[in-house]
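Right, one structure below, let's go through it.
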Amino acid sequence: MNRNYYFLTAIMFVLALGTLFIHERVVSPQISPSELLWDVLQPTRFVTTDQVAKRLIEKDPSLLLIDVRPAAEYDKYSLPNAVNVPIDSLITPAGQEYFGNPGTKVVLFSNDAILANQAWVLLRRMAFKNDYVMKGGINGWMETIIQPKEPAETAPESAFERYEFRKAACQYFTGANVANTGKSSSKVKVVFKRRKKTAVAAGGC
Amino acid sequence: METLPHQEKNKTKYINPYFGGVLMGIVLLVTIFISGRELGISGAVRDSVVATANVISPTAAKTSVYYGKFLKDGHHPMDNWLDYEVLGVILGGLLSGILFKRVHKPFVERGPNVSRTRRLVAAVIGGILFGFGTRLGRGCTSGAALSGSSTFAFGGVLVMVILFASAFAFAYFVRKLWI
Amino acid sequence: MHVHELNPKKTLWTLILFLLVIVVGFITMKRPLLNYEISLQQTTKILKDTSNNCFYPYQLADVLNHKNKNVVLIDLRNKYAYGLGHIPGAKSIPAFDLTHKENVDLLKGYKKNGVSVVLYADNQLAADGAWLFFRQVGFCNVRFLLGGYNYYKAHKDNLEQTKSDDSYLKGIARFDYARMASSKAVTSASQKQKKPVVFHRRKKVAVAAGGC
Amino acid sequence: MGPIAINGLISANLNLVIAVFLGMGFGFVLEASGFSSARNIAGTFYGYNFVVVRVFFTAVIVTMVGLLYLSYFGWLNLSQIFILPTYLPSMITGSIIMGVGMIIGGFCPGTSFAAVAIGKIDALFFAIGLFIGIFLFAEVYPLIEKFYLSGYLGHVTLTDLTGIKPGWWAFGFTVIALIAFWVTASIEKKVRKKIKEYKF
């Protein structure tokens, strides 16, 4: 047997042995940690309850509300037209179908913003874009939209305007809704465009 | 050693098999690096079957359950990455044949105990079986077994193992063809 | 008939070339400062089991009395806010400087010595992202301060008593939502928006659409 | 960085041009390694010629190991490459049929094309058989569609399925292949003594 075969075997073995020690990156698409931290520190992902309420009233078809609380809490109460994706199903394919659709803005919410924010971090790690977090969560929703506080006399004009909006919104979400139920107008139909698949090679033989 | 009539006459050397393997691995790596997809052959054969069916009877091809899948968007069935690659495979084989002086007049290579006709019939039968199998297996030896297992795809390893095992198991019954 | 070249000299050269490319790769590669140490599955597990994640305001008392020396406080707010007021003994690392090498090394040192790191900002939410980030890149000793600096500021004289307070706790429902949302309903409360919503889910796109 | 065609660093048309050259490389290696001879390929299964096993497994382990290094250096994003989908029942059946076809015909599609290029009539007949086979498949497809699409596992890798890191798979395959190379070399030595007529 030629001596070179021993060298060949040795080189190939060492190369393969090396693969055991290198940090493997064969995982689903994720953004790099430094990118993640940079995005985490941006406050642009937060939206207010007022903004969400406005969009809901306008029946904005691009808005998709995602409730990240456990299913039991979702069953008790959730925001109108919200879809329940508990935080552990975010990493399953079924849960991910709601995210990353072009033309939709996903707003995550939980009781407070914390859980929704954590869900956002997970989604961002998985490279999903166009996701938002509702500041204050449902607690904030209750405090601002359902039971708005009247501003003090000395408050600026804008505070009163906001109060007026919130009162009307409250009417819409609590009272006005009932009048409309016959027409089932609360059903928002969202037509998602398919996510582009350019990211992965098509192939096969 | 005398040259038998059914064997090739020119005495040229093939490259060392390990050299071939390393080169093939590098070609595959470069392919994946450039296009993100892998080498494959049978998909191109399928494309040409689809294209042929489309030429012979466009309406029947479009309504056919199988051909229809590849004729949906008005895209020509032969306008596919794989078809260009297979064109290259033929050219590359020719290049190697010229370089190593192995291009010769058309002839039939066969085992020592088998007639020309039997060899050709066997080739056609083998081809039919292989062609049918590639569609079920989502690829051939290069597309599914080689590229698939190289990219750690479970399906690739599955095809590789079963393909070789099946060939080994069946080899005994057709030994007359080869030895 | 044909024979194969038996001497694998060319093979050896090719493989050495291959090895060289890999060596070049090793030399030229940019080593990222941080890597994900835990998978997404493990991350969701961490989020569920909260016992190891948070640091209660009443626990601060021990730190401030120097009874608990195993805790380092890190202020993630900017230098200006830090200058206006901070928890005594807290180190200032503005959030945007977190990935600087010296800060990462500092945290690595704490991890090695078994020191707990407590991150805080104005409120819990502001520190939450940074905390979750550090947990994912392998710093299992990093926690966040419940209530944040704002809560500490309001209660800094009676930290011990905050044990019975839960106003800083997040993630719990503060109201009976269902009742509240329907309290003003004209007719029945059960008629709410509990209808199943028809969303067109994104269909899984088969990658091999044109494949085999 | 890579795969560069997916990340838009080269145009789609250039990708097709490069495909021809990549195919040429593949065809060249196939022919030069002796895959243009049906007897070489069939010989594997009778123990008198292990060229196929050598070339095949060397290619597999070189690619596996190479891919892991490329991804480690950040040159190639492995999540963007094509992963063969798995349909258990039909793939198992298909592989069995392919195995039988290979031992009867003596070629596989790639090698038959490379062999046609240097003028082998048997390879040409095999290639014609391929066309017929795929045509037959298309004809019976409505009958077996359910079977064809059953047992879909998705585009799974070994790691997805087992949770074992790809490095271990690459290492395992390499060790098995290296052992196989040495074992086949010794088998070949013994068998070659018996078969007088065909030597390699």
In region D:92-123, residue farthest from the other protein chains (Cβ to nearest Cβ) [restricted to those that are under 24 Å from B:Val161 (Cβ atoms) and of a type in the set (Val, Ile, Thr)]: D:Thr111
Scan of region A:48-73 for residues that are over 16 Å from A:Lys135 (Cα atoms), of a type outside the set (Gly, Ala, Ser) and open to solvent by 50 Å² or more (accessible area, probe 1.4 Å), ordered by number: A:Ile57, A:Glu58, A:Lys59, A:Pro61, A:Pro70, A:Glu73
The lone exception for D:Ile81 - which of (1) crowded, with 24+ Cβ neighbours inside 10 Å; (2) over 30 Å from C:Ile27 (Cβ atoms) it fails: (2)
Residues of region B:24-47 classified as at the interface with chain D (Cβ under 7 Å from one of its Cβ atoms) and either on the phi > 0 side of the Ramachandran plot or under 18 Å from the mean Cα position of the chain (by Cα) (or both), total: 13
Residues satisfying the stated conditions in region D:84-98, i.e. in a helix (DSSP H, G or I) and open to solvent by less than 10 Å² (accessible area, probe 1.4 Å): D:Ser90, D:Met91, D:Gly94, D:Ser95, D:Met98
Residue in region B:126-144 that is surrounded by fewer than 22 Cβ atoms within 10 Å (Cβ to Cβ) and free of Cβ contacts under 8 Å to residues at least 24 places away in the same chain present: no
Residue list for region D:34-46, restricted to those being of a type outside the set (A, V, I, L, M) and open to solvent by less than 10 Å² (accessible area, probe 1.4 Å): D:Gly34, D:Ser36, D:Ser37, D:Arg39, D:Asn40, D:Gly43, D:Thr44
When residues of region D:145-177 are limited to those that are free of Cβ contacts under 8 Å to residues at least 24 places away in the same chain and touching a Ser or Thr at 6+ places or on another chain (Cβ under 8 Å), the one nearest to D:Val62 (Cα to Cα): D:Phe171
Answer from B:Arg102, B:Arg46 - the residue that is modelled with pLDDT under 90, closer than 22 Å to B:Thr141 by Cβ and not in a helix (DSSP H, G or I): B:Arg102
Subset of region B:125-159 that is more than 12 Å from the chain's Cα centre (by Cα), aromatic (Phe, Trp, Tyr) and assigned to a helix (DSSP H, G or I) - its residue that is nearest to D:Val62 (Cα to Cα): B:Phe154
Residue check for C:Lys91: touching a Pro at 6+ places or on another chain (Cβ under 7 Å), basic (Lys, Arg) and modelled with pLDDT of 85 or more: no
Members of region A:33-47 that are open to solvent by less than 60 Å² (accessible area, probe 1.4 Å) and not in a strand (DSSP E or B): A:Pro33, A:Leu36, A:Leu37, A:Asp39, A:Val40, A:Leu41, A:Gln42, A:Arg45
Verdict on D:Val53 being more than 7 Å from chain B (Cβ to nearest Cβ) and either within 17 Å of the chain's Cα centre (by Cα) or farther than 24 Å from C:Val24 by Cα (or both): yes
Of the criteria (1) in contact (Cβ under 8 Å) with a residue 40 or more places away in the chain; (2) under 18 Å from A:Arg125 (Cα atoms), which one C:Gly129 fails: (1)
Candidates A:Ala116, A:Ala72 - the one that is at pLDDT 80 or above and touching a Leu at 6+ places or on another chain (Cβ under 9 Å): A:Ala116
Residue list for region B:90-117, filter: more than 7 Å from chain D (Cβ to nearest Cβ) and open to solvent by 60 Å² or more (accessible area, probe 1.4 Å): B:Ile98, B:Leu99, B:Lys101, B:Asn113, B:Arg116, B:Thr117
Residues located in region A:89-126, provided they are out of contact with any helix residue (DSSP H, G or I) (no Cβ under 9 Å at 6 or more places or on another chain) and under 16 Å from C:Ser39 (Cα atoms): A:Thr92, A:Pro93
Residue count, region A:114-151 (criterion: among the polar types (S, T, N, Q), outside any loop (DSSP other than H, G, I, E, B) and open to solvent by 10 Å² or more (accessible area, probe 1.4 Å)): 2
Count of residues meeting criterion [of a type outside the set (Ser, Thr, Tyr) and open to solvent by less than 50 Å² (accessible area, probe 1.4 Å)] in region C:144-165: 8
Hits in region D:157-169 - residues which are among the hydrophobic types (A, V, I, L, M, F, W, C) and under 20 Å from D:Thr86 (Cα atoms): D:Leu158, D:Leu161, D:Ile164, D:Trp169
Single condition D:Ala59 does not satisfy, out of (1) within 30 Å of B:Pro112 (Cα to Cα); (2) in a helix (DSSP H, G or I): (1)
Test for B:Lys176: is it surrounded by fewer than 24 Cβ atoms within 10 Å (Cβ to Cβ), out of contact with any Phe, Trp or Tyr (no Cβ under 9 Å at 6 or more places or on another chain) and within 7 Å of chain D (Cβ to nearest Cβ): no
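The values are calculated or read from the model by the stated rules, or taken from the named source; none is laboratory data. In this text the structure is predicted, and so the values were computed from the model without any measurement. All Cβ positions, glycine included, derive from the backbone under ideal geometry; neighbour counts span all protein chains shown. Heavy atoms of the whole protein, side chains included, go into the accessibility calculation; ligands, DNA and RNA do not. Shrake-Rupley method; radii C 1.70, N 1.55, O 1.52, S 1.80 Å.
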